[in-house]
Structures are given as C-alpha cells and as structure tokens.
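Here is the structure we will look at, set down as structure tokens.
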Amino acid sequence: MKFATRLHFETLDSTNAFGKRNAFLPLPALITAQTQTAGRGRGERVWDSSPGCLMLTLLFRPEHGEIPEAKKRFVALATAMAIADTVKAMFPDESPQIHWPNDVYLRGKKLSGILLEILPSGVLVLGVGINVRNDLPENLREIAISLRELSDSVTLNEVLERFLKNAETRFRELCFSEKLLSEIDAICWQKGRDLVLHTPQGDVFGHCDGIADDGAILLDGKKYYSERND
C-alpha cells in the first residue's frame, strides 16, 4: 500500500482517535506515535501505550488495499495474520497464535491488539499495537509479552516495515478469504479449549472447535460472531 500521508507524533491521545478526527487526510494514511495518553483496545479496554510499543493506525478505503467491499469485515483477522507472519519471519522458532477476534498471542501471552473501526463514510480506521521494545508493567507481565524478551536487537522500524508489507499481502488475499480463514483456524489460540465467550445476550460456555469459513468462532459446533466493527 503506497501511502499518500505518513505522520509520526511523539505523543497523541490515540492514533485511532487522531485518524477519526482527520479522515479528510489524503488516503491511504499511516499514523504512528511514540506514546499515547488514551490508548484503547476493543470494547474500551485500556491498552498499555508506553514507549517501545509500536502504535499505529492505517486510514484507508477498501480499494486502497484491494479488499472487496464484502470482505472488509475480515480486515482485523487479516491484520492479525500479518502480525503473526511478521513474528514468524523474524523468529522462525516461535509459534504466534491468533486469539479471535483481534489479538495475537506469543508463548501464551498477548503480544498485539487490533482495533478496527469503520466510519460512516466507509473509511477504515485500523489501529494496531505491538509490544516490541516496551517494558511491560509488573501487573501485565504474566499475561503479556514483548518481542524484546526474544531479542534485545529488535527494532520498531524493522517490525513496522515487515508488518506493512505482510498486511498488504494479506489484504489482497481477502479475495480468497476461505484460504486465509483456514490458516487462521490452524493457529487459533482458543481452538481445542473450553472457554467463556462474552456476548450481548450473556456469557456462553463451550468447547472451541476453531474458526468457521465465514470468520465466526465455533463453540460446540455453533457459530458466534464479533458484534463490533472494533
């Protein structure tokens, strides 16, 4: 994806919030920040935004990524796969996994989160946070991981450039989403586990059978969908 706009800030409230306020920028746009004061994940969850975390937002229309309009709902999953591709290329012995619908896990801990928001104009606001060189707070070290724990030589720029290249490839593959979803199913962290799924109708308990060919998660053979664009 060739960017018409690339902006970097030392501090923002959040790259997604900035993107939504500035959706009039020449697109596609890449927005990065060294720190965020109000970083958030899906469902208003707080995202640790300390220095060393790669924080970015892609602001684009589906056609910029050669994404069929009907497949834009799979963008978050395609992004997660691109992050997994990036980790695997840099650390071949590692086995990153996708935690449906929008996280990437490594060694059983959260490495990355994705926040996809779709504006009424049709513009996609795709926020990505990847723990690269940040020192995680003590209270998160049992559940989150940074790539720095694998190699002290890893850099934000290398991860960013590899990710952007992989995301472009995975977006194009959305024309053939069945293949992509099959790959995601193969590395789904929840697959084979008993889990609790939080839905608007209440909590659902069940055994996860993986990811269906329409992007739903399967619990005891029944499909459940992400209820949000984010």
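Subtract the Cα-Cα distance of ASP220 and LYS165 from 0.36 nm times their separation in residues, and report this length gain in nm to one decimal.
Full extension of this stretch gives 16.2 nm more.
Can you tell me the dipole magnitude for the chain around its Cα centre, using point charges on the Cβ only (Lys, Arg +1; Asp, Glu -1), in Debye to the nearest 20?
Taking the Cα centre of the chain as origin, the dipole is about 440 debye.
How long is the gain from PHE9 to SER153 if the chain were fully straight, where each residue apart is worth 0.36 nm and the alpha carbon distance is subtracted?
Difference between extended and current length: 49.5 nm.
What does the accessible area of LEU7 come to, in Å² to the nearest 10, when a probe of 1.4 Å is used?
Accessible area, nearest 10 Å²: 60 Å².
Using a simple charge model, +1 on the beta-carbon of Lys and Arg, -1 on the beta-carbon of Asp and Glu, nothing else, what dipole does segment 70-160 show about its Cα centre, in debye to the nearest 20?
Dipole of segment 70-160, to the nearest 20 debye: 380 debye.
LYS191: which lysines have alpha carbons under 21 Å from its alpha carbon, excluding same-chain residues fewer than 8 sequence positions away?
LYS88, LYS109, LYS110, LYS179, LYS222, LYS223
I'd like to know which of PRO28, THR155, CYS53 lies farthest towards the positive end of the charge dipole of the chain, counting +1 on Cβ of Lys and Arg and -1 on Cβ of Asp and Glu.
PRO28
Rounded to the nearest 0.05, what FRET efficiency is calculated for ARG193 and MET90 with R0 set to 22 Å and r the Cβ-Cβ distance?
0.25
Just to make sure I understand: if all protein chains stay in place, what is the order of LEU106, LEU218 by accessible area at 1.4 Å, largest first?
Accessible-area ranking of LEU106, LEU218, largest first: LEU218, LEU106.
So, taking all protein chains as they sit and a 1.4 Å probe, how much accessible area belongs to ARG193, in Å² rounded to tens?
Looks like 100 Å² after rounding.
Per residue, how much accessible area does segment 153-192 have with a 1.4 Å probe, in Å²?
About 51 Å² of surface per residue is accessible.
With a 1.4 Å probe and all protein chains kept in place, how do MET90, MET81 rank by accessible area, largest first?
Ranking MET90, MET81 by accessible area, largest first, yields MET90, MET81.
Which value, in Å², gives the accessible area per residue of segment 1-142 when a 1.4 Å probe is used on the protein heavy atoms?
43
What do you reckon, how do ILE187, ILE217 stack up by accessible area (1.4 Å probe), largest on top?
If we order ILE187, ILE217 from most to least accessible, we get ILE187, ILE217.
Go ahead and set up a Gaussian network model of the chain, Cα springs under 10 Å, then flag whichever of LYS72, LYS191, LYS165 fluctuates most.
Maximum among the listed residues: LYS165.
Which of VAL125, SER177, HIS198 sits farthest toward the positive end of the charge dipole of segment 73-226, with +1 on the Cβ of Lys and Arg and -1 on the Cβ of Asp and Glu?
Value: VAL125.
Tell me the trypsin sites (Lys or Arg not before Pro) within segment 2-35 that lie in a loop according to DSSP and have at most 15 other beta-carbon atoms within 10 Å.
Loop-located and lightly packed - LYS2.
Report the calculated FRET efficiency for GLN201 and SER121 (r = Cβ-Cβ distance, R0 = 45 Å), to the nearest 0.05.
Computed FRET efficiency for GLN201 and SER121: 0.90.
Determine, from the Cβ-Cβ distance of ALA38 and HIS99 and an R0 of 22 Å, the FRET efficiency 1/(1 + (r/R0)^6), rounded to the nearest 0.05.
Using R0 = 22 Å, I get an efficiency of 0.40.
Below 15 angstrom from the Cβ of GLY65, what's the summed charge of the other residues (Lys, Arg +1; Asp, Glu -1)?
Net of charged neighbours comes to +3.
Pick out which of ARG148, ARG170, ARG133 has the largest mean-square fluctuation in a Gaussian network model of the chain, springs linking Cα atoms closer than 10 Å.
The residue that fluctuates most here is ARG148.
Taking the structure as given and computing Cα extents along the principal axes in Å, which label from (i) 55, 36, 29; (ii) 46, 41, 34; (iii) 94, 34, 25 fits?
From the options (i) 55, 36, 29; (ii) 46, 41, 34; (iii) 94, 34, 25, the structure gives (ii).
Would you work out what percent of the accessible area of segment 97-140, with all protein chains in place, is carbon or sulfur (probe 1.4 Å)?
48
The values are calculated or read from the model by the stated rules, or taken from the named source; none is laboratory data. Just so it is clear, the model here is predicted, and its values are computed rather than measured. Neighbour counts run over all protein chains shown; Cβ positions are idealised from the backbone, glycine included. Side chains included, ligands, DNA and RNA excluded: accessible areas come from the protein's heavy atoms. Shrake-Rupley method; radii C 1.70, N 1.55, O 1.52, S 1.80 Å.
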